[in-house]
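K.L.:
Just passing along the structure, written as structure tokens.
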Amino acid sequence: MGYQPRLLSSTQERKAMLSRYAEVLLFDFRQIRMLTAEQFMQRLHEEHEVDALLVGYDHRFGSDRIQDIDTLQQIGRQVGIQVIKAEEYTTEQAHISSTEIRNAIQAGDLELANRLLGYPYRLSGTVVHGRGIGHTLGFPTANIRLAEPKKLLPPCGVYAVRADLGHGHTRAAILNIGTNPTLGENPVSIELHIPELRLDLYDRELSVALLRFLRPEQRFDSLEALSRQIQEDIRQLDGRRM
């Protein structure tokens, strides 16, 4: 099937973002992938009363892969839909594309990725039981099982994040992505520590906004050394707007 790029956002995340601005229609790609541009526009207009369509500057539309905007606009006039072309958007730092955003995330440059996205990159999932090592050290963590397993992860390391606890409540926190090498060989996990939080988070849905990279993952000689480093990680949250 070839390489499948990791997702920048899940279907539910995209739906939540778009729902703030308009009604959202979701289509099963398997059911529409054989439709030509004209057939798809006809369905949009006749079944969903769509009268305007915004297409990307480099988008290929329909099973006939039409990219020429004049051709798409001509089809639109026949169907009853105004077709509008979105212009390419760039910044001084980079050409904005999903490839550039993925490159920034994979390099751990969350600040650049967030500028290109226009919003903080997020990871969401359910809090599940871990081994309890964080609690033993005095830094209890919420182990997050991603809601979308194909979500793109930044490199292993520690990140400053903003944790969304629901009902508009957010807290500054640190997020560790990695294998916890100080504790032996382990699969990659995602662990969130929210300083001074005394809540049972098990089985809750959590979402975190990744703000910046703090340090790479490393192996410590002792749990005491690891504890001191976590304290330093937390101090890096102080005085910084989250």
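The values are calculated or read from the model by the stated rules, or taken from the named source; none is laboratory data. None of these values were measured; they are calculated from a predicted model. Because the Cβ atoms are built from the backbone with ideal geometry, glycine has one as well, and the counts that use them run over all protein chains shown.
K.L.:
For a quick check of your reading of the model, give me the residue pairs whose first member lies in the stretch 176-190 and is over 17 Å from R215 (Cβ atoms), whose second is modelled with pLDDT under 90 and in a strand (DSSP E or B), with beta-carbon atoms closer than 7 Å and at least 6 apart or on different chains.
P.N.:
Short answer, once both residue conditions are applied: none.
K.L.:
May I ask you to say which residue of Q42, Q73, Q78 is in contact with a strand residue (DSSP E or B) (Cβ under 6 Å, 6 or more places away or on another chain) and not in a loop (DSSP other than H, G, I, E, B)? Let's see the steps before the verdict.
P.N.:
Working: Q42 fails: in contact with a strand residue (DSSP E or B) (Cβ under 6 Å, 6 or more places away or on another chain); Q78 fails: in contact with a strand residue (DSSP E or B) (Cβ under 6 Å, 6 or more places away or on another chain).
Only one candidate passes the filter, namely Q73.
K.L.:
Kindly provide the set of residues from the stretch 81-105 that are among the hydroxyl-bearing types (S, T, Y) and part of a loop (DSSP other than H, G, I, E, B), ordered by number. Walk me through it before giving the result.
P.N.:
We begin by selecting, within the stretch 81-105, every residue among the hydroxyl-bearing types (S, T, Y); these are 89-91, 97-99.
Once the filter is applied, which keeps residues that are among the hydroxyl-bearing types (S, T, Y) and part of a loop (DSSP other than H, G, I, E, B), the stretch 81-105 yields Y89, T91, S97.
K.L.:
Among A52, A86, A16, which is the only one that is without any contact (Cβ under 8 Å) to a residue 60 or more places away in the chain, closer than 29 Å to D164 by Cα and among the small types (G, A, S)? Working first, answer last.
P.N.:
Details: A52 fails: closer than 29 Å to D164 by Cα; A86 fails: closer than 29 Å to D164 by Cα.
Unique residue meeting the criteria: A16.
K.L.:
Next question. Suppose we filter the stretch 202-218 for residues that are assigned to a strand (DSSP E or B) and of a type outside the set (A, V, I, L, M); how many remain?
P.N.:
Taking the stretch 202-218 as the starting set, the residues that turn out to be assigned to a strand (DSSP E or B) are 205-216.
Retained after the next criterion (residues that are of a type outside the set (A, V, I, L, M)): 205, 207, 212-213, 215-216.
Going through the stretch 202-218 one residue at a time, the tally reaches 6.
K.L.:
How many of the residues in the stretch 143-180 are in a strand (DSSP E or B) and not small (G, A, S)?
P.N.:
So the first thing to find is which residues in the stretch 143-180 are in a strand (DSSP E or B), and the list is 143-146, 151, 157-166, 169-178.
With the extra rule that they be not small (G, A, S), the set shrinks to 143-146, 151, 158-159, 161-162, 164-165, 169-171, 174-177.
Total satisfying the criteria: 18.
K.L.:
In the stretch 88-96, is there at least one residue being surrounded by fewer than 18 Cβ atoms within 10 Å (Cβ to Cβ) and within 20 Å of N180 (Cβ to Cβ)?
P.N.:
Here is the first cut: in the stretch 88-96, the residues surrounded by fewer than 18 Cβ atoms within 10 Å (Cβ to Cβ) are 88-96.
Subset that is within 20 Å of N180 (Cβ to Cβ): none.
No, the stretch 88-96 contains no residue that is surrounded by fewer than 18 Cβ atoms within 10 Å (Cβ to Cβ) and within 20 Å of N180 (Cβ to Cβ).
K.L.:
Suppose the filter is small (G, A, S), over 23 Å from V208 (Cβ atoms) and either in contact (Cβ under 8 Å) with a residue 24 or more places away in the chain or part of a strand (DSSP E or B) (or both); does G108 pass it? Give the steps one after another, and end with the answer.
P.N.:
On the way: small (G, A, S): yes; over 23 Å from V208 (Cβ atoms): no; either in contact (Cβ under 8 Å) with a residue 24 or more places away in the chain or part of a strand (DSSP E or B) (or both): yes.
In short, no.
K.L.:
Run down H45, H95 and say which single residue is within 29 Å of the chain's Cα centre (by Cα) and at negative phi.
P.N.:
Details: H45 fails: within 29 Å of the chain's Cα centre (by Cα).
When all the criteria are applied, what remains is H95.
K.L.:
Take the residues in the stretch 145-164 that are within 14 Å of the chain's Cα centre (by Cα) and among the hydrophobic types (A, V, I, L, M, F, W, C), then tell me which one is modelled with the lowest pLDDT.
P.N.:
A147
K.L.:
Go through (1) of a type in the set (K, R); (2) in a loop (DSSP other than H, G, I, E, B); (3) without any contact (Cβ under 8 Å) to a residue 12 or more places away in the chain one by one and return the number of the condition R228 breaks.
P.N.:
Every listed condition holds for R228 apart from (2).
K.L.:
Further question on the same structure: Here's a check for you: in the stretch 181-194, which residue that is aliphatic (A, V, I, L, M) and assigned to a strand (DSSP E or B) is farthest from the chain's Cα centre (by Cα)? Step through it out loud before you land on a result.
P.N.:
So in the stretch 181-194, the residues aliphatic (A, V, I, L, M) come out as 183, 188, 190, 192, 194.
From the residues that got through so far, the ones that are assigned to a strand (DSSP E or B) too are 190, 192.
Details: I190: 14, L192: 16 Å.
Selected residue: L192.
K.L.:
Taking F27, is it hydrophobic (A, V, I, L, M, F, W, C), closer than 27 Å to D68 by Cα and assigned to a helix (DSSP H, G or I)? Full working, then the answer.
P.N.:
Details: hydrophobic (A, V, I, L, M, F, W, C): yes; closer than 27 Å to D68 by Cα: yes; assigned to a helix (DSSP H, G or I): no.
Spelling it out, it is not the case that F27 is hydrophobic (A, V, I, L, M, F, W, C), closer than 27 Å to D68 by Cα and assigned to a helix (DSSP H, G or I).
K.L.:
I'm checking my understanding of the structure. Among residues of the stretch 111-136 that are in a helix (DSSP H, G or I) and crowded, with 16+ Cβ neighbours inside 10 Å, which one is farthest from the chain's Cα centre (by Cα)?
P.N.:
First, the residues of the stretch 111-136 that are in a helix (DSSP H, G or I): 111-117, 133-136.
From what is left, the residues that are crowded, with 16+ Cβ neighbours inside 10 Å are 112-117, 133-134.
Numbers: L112: 14, A113: 10, N114: 10, R115: 13, L116: 13, L117: 10, I133: 27, G134: 25 Å.
So the residue we want is I133.
K.L.:
Something else: Does F220 meet the test of being more than 23 Å from the chain's Cα centre (by Cα) and surrounded by 13 or more Cβ atoms within 10 Å (Cβ to Cβ)?
P.N.:
On the way: more than 23 Å from the chain's Cα centre (by Cα): yes; surrounded by 13 or more Cβ atoms within 10 Å (Cβ to Cβ): yes.
Taking the combined requirement at face value, the residue satisfies it.
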